[in-house]
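Working notes, structure below.
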């Protein structure tokens, strides 16, 4: 099935690209989560609009990305969450939680879709995540998860 990506999807493509994926992946995952729309002839007009919006929001140069990387890596991120006696969390830490913690710690505003947690964070302690700022630049963020 041909689809138009409305958001960046790791391993698939960036917003505004037309890609061909399996029908079930598009129908059950990408389209319901608003990561993509079905490709139509009229949808080609939407592609240009999505690309223009992406240009406004994305970091234009590697130098800008490196400057933002230095700001993010210089921030001590501490995230207070509810947890049980054994140090396990009630739920898990989401990319939105990490983005708001970076902002609250005095760092720049980061889009939650650019944060890559790797494995879900479900325990207290120090954890490492990355923020994909540019295709060539990723910032490492150390997060200390503490009990609230």
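The values are calculated or read from the model by the stated rules, or taken from the named source; none is laboratory data. Worth saying up front: this structure is predicted, and the values here are computed from it rather than measured. Every residue, glycine as well, gets a Cβ built from its backbone with ideal geometry; the counts of neighbours run over all protein chains shown.
Out of the residues in region 125-137 that are surrounded by fewer than 18 Cβ atoms within 10 Å (Cβ to Cβ) and modelled with pLDDT of 90 or more, which is farthest from residue 80 (Cα to Cα)? Ranking the qualifying residues of region 125-137, first place goes to 130.
On the given criteria, is residue 41 part of a loop (DSSP other than H, G, I, E, B) and not assigned by TED's automatic domain parsing to the domain that holds residue 140? When the stated conditions are applied, residue 41 passes them.
Pairs are defined by a Cβ separation below 6 Å, a sequence spacing of at least 6 or placement on different chains, a first member in region 76-102 that is in contact (Cβ under 8 Å) with a residue 60 or more places away in the chain, and a second member that is surrounded by 14 or more Cβ atoms within 10 Å (Cβ to Cβ) and assigned to a helix (DSSP H, G or I); the pairs so defined are 77/101; 77/102; 79/101.
Checked against the criterion of being closer than 21 Å to residue 96 by Cβ, in contact with a strand residue (DSSP E or B) (Cβ under 7 Å, 6 or more places away or on another chain), in contact (Cβ under 8 Å) with a residue 60 or more places away in the chain and not in a helix (DSSP H, G or I), region 27-37 contains not a single residue that satisfies it.
Here's a check for you: in region 139-148, which residue that is surrounded by fewer than 18 Cβ atoms within 10 Å (Cβ to Cβ) and at pLDDT 90 or above is nearest to residue 13 (Cα to Cα)? It comes out as 140. Within this structure, residue 73 passes the test of being in contact (Cβ under 8 Å) with a residue 40 or more places away in the chain and either more than 17 Å from the chain's Cα centre (by Cα) or surrounded by 13 or more Cβ atoms within 10 Å (Cβ to Cβ) (or both). For region 1-12, filtered to residues that are in contact with a helix residue (DSSP H, G or I) (Cβ under 6 Å, 6 or more places away or on another chain) and part of a strand (DSSP E or B), the residue that is surrounded by the fewest Cβ atoms within 10 Å (Cβ to Cβ) is 4. Here residue 46 meets the list (1) assigned to a strand (DSSP E or B); (2) over 19 Å from the mean Cα position of the chain (by Cα) almost entirely, failing just condition (1). Taking the conditions (1) crowded, with 17+ Cβ neighbours inside 10 Å; (2) at pLDDT below 90; (3) over 25 Å from residue 8 (Cβ atoms) in turn, residue 83 satisfies each one other than (2). In region 49-70, is there at least one residue being outside the structural domain of residue 117 (by TED's automatic domain parsing), without any contact (Cβ under 8 Å) to a residue 40 or more places away in the chain, touching a strand residue (DSSP E or B) at 6+ places or on another chain (Cβ under 6 Å) and not in a loop (DSSP other than H, G, I, E, B)? No, because not a single residue in region 49-70 is outside the structural domain of residue 117 (by TED's automatic domain parsing), without any contact (Cβ under 8 Å) to a residue 40 or more places away in the chain, touching a strand residue (DSSP E or B) at 6+ places or on another chain (Cβ under 6 Å) and not in a loop (DSSP other than H, G, I, E, B). The residues of region 13-34 that are surrounded by 15 or more Cβ atoms within 10 Å (Cβ to Cβ) and modelled with pLDDT of 90 or more, listed by number, are 19, 21, 26, 30, 31. Within region 35-49, restricting attention to residues that are out of contact with any helix residue (DSSP H, G or I) (no Cβ under 7 Å at 6 or more places or on another chain) and surrounded by 14 or more Cβ atoms within 10 Å (Cβ to Cβ), the residue that is nearest to residue 113 (Cα to Cα) is 35.
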